[in-house]
Amino acid sequence: MIADANRGPAGDSRADGPIAIFDSGIGGLPYLEPARAALPAESFVYLADRADFPYGTKTRSEVRSIVLRLMDLLVEDYAPKAVVIACNTASQAALEAARKAHPGLPIVGTVPAVKPAAERTRSGVIGVMATEGATRDPYLDSLIARYAKGVTVIKESAQDLVSFVERRAVAAGPEERREAVRPFVRSLVERGADEIVLACTHYTHLRAEIAEVAGPGVEVVDSRAGVASRLRQVLEGMDLLRSPGTASAPRDGLPPETGGVFLLSGDPPFEEEYGLLAAAFGLEGPRALARAIG
Ligand code: DGL
């Protein structure tokens, strides 16, 4: 019998599996939009690991253990054909370890868009907004040394903004959102940055306000489009794309027609905001991760 690497034990095609995306919270949700546009026939499992939130104040090895545990849970329960670590802090700390632990499983990480920002700056100064952990991670320094030679890079730790997004993304009005981003953005612009890299996925929820406060001469860059096209490229390369019009494979707790499911770690009942966010991003849920696994 010839073994087919792209078929599971029951003969189900590996291409039928969902794409799993996770973050410490809701930061990775905006990554779904370009991923869906690039991969319209796929279904998604989104996990917000709010039980371990926030990652940015933890050590590298703490974040690595969390990521490895979540990867195991997702793989065991959902047999994803690919995983996106939609979190810069987690990607910087654990992408390599996750790939080692799951050889053969395509894992796409989120890398700060330092390279395009360094290529496009006219002032020669770029700002990188990230979590506490990500700003001091040696990975970011190596990225800067490699792709931003001759450019001044200002690292702005904006951990408070992560909590703001997690608590207030749904409820905050435009003025509150602008107020939340203002100190971080002004500090970068006043020091000459004309490119602002959103190196924490949570900030993509505030992209419009960051651009507004920064003003017309400043470009705001994030990695959403890059992650979506990398994901497509990797799946295509491994012949794992679903054919258009194919219904989602029936998986545990995942209705065949769904565009995806929103999982939360921690215990229900979950705040109403998570339901609103799930609906806004076309996902079913929220459901408890533990229950989905059990
Ligand atoms: N959204 C995550 C990131 O991109 C993590 C934020 C946190 O949990 O501190 O870095």
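The values are calculated or read from the model by the stated rules, or taken from the named source; none is laboratory data. The shown structure was predicted, so the numbers you read here are calculated from the model rather than taken from an experiment. Here the Cβ positions follow ideal geometry from the backbone for every residue, glycine too, while neighbour counts run over all protein chains shown. Areas reflect the complete protein model, heavy atoms only, side chains present, ligands, DNA and RNA absent. Shrake-Rupley method; radii C 1.70, N 1.55, O 1.52, S 1.80 Å.
Odds and ends about this structure:
- Subset of the stretch 27-48 that is of a type in the set (A, V, I, L, M, F, W, C) and assigned to a helix (DSSP H, G or I) - its residue that is surrounded by the fewest Cβ atoms within 10 Å (Cβ to Cβ): ALA37
- Residue satisfying all of: in the stretch 198-210; within 12 Å of the ligand (Cβ to nearest atom) and β-branched (Val, Ile, Thr); nearest to the chain's Cα centre (by Cα) among these: THR201
- Single match in ALA94, ALA51 (criterion: in contact (Cβ under 8 Å) with a residue 12 or more places away in the chain and surrounded by 24 or more Cβ atoms within 10 Å (Cβ to Cβ)): ALA94
- Residue in the stretch 108-129 that is away from the ligand (no atom under 12 Å from the Cβ), in contact (Cβ under 8 Å) with a residue 40 or more places away in the chain and more than 24 Å from GLY192 (Cα to Cα) present: yes
- Residues of the stretch 204-224 include at least one that is closer than 23 Å to ARG186 by Cβ and among the basic types (Lys, Arg).
- Sole residue being among the aliphatic types (A, V, I, L, M), buried (at least 19 other Cβ atoms within 10 Å of the Cβ) and modelled with pLDDT under 95, chosen from VAL111, VAL84: VAL111
- Residue that is farthest from the chain's Cα centre (by Cα) [pool: residues in the stretch 71-126 that are among the polar types (S, T, N, Q) and not in a loop (DSSP other than H, G, I, E, B)]: GLN92
- Answer from ALA97, ALA180 - the residue that is more than 16 Å from the ligand (Cβ to nearest atom), aliphatic (A, V, I, L, M) and out of contact with any Gly (no Cβ under 8 Å at 6 or more places or on another chain): ALA97
- Where SER13 falls short, out of the listed (1) near the ligand (Cβ under 10 Å from one of its atoms); (2) open to solvent by 10 Å² or more (accessible area, probe 1.4 Å); (3) of a type in the set (S, T, N, Q): (1)
- Test set (1) within 15 Å of the ligand (Cβ to nearest atom); (2) more than 17 Å from the chain's Cα centre (by Cα) - VAL213 fails condition number: (1)
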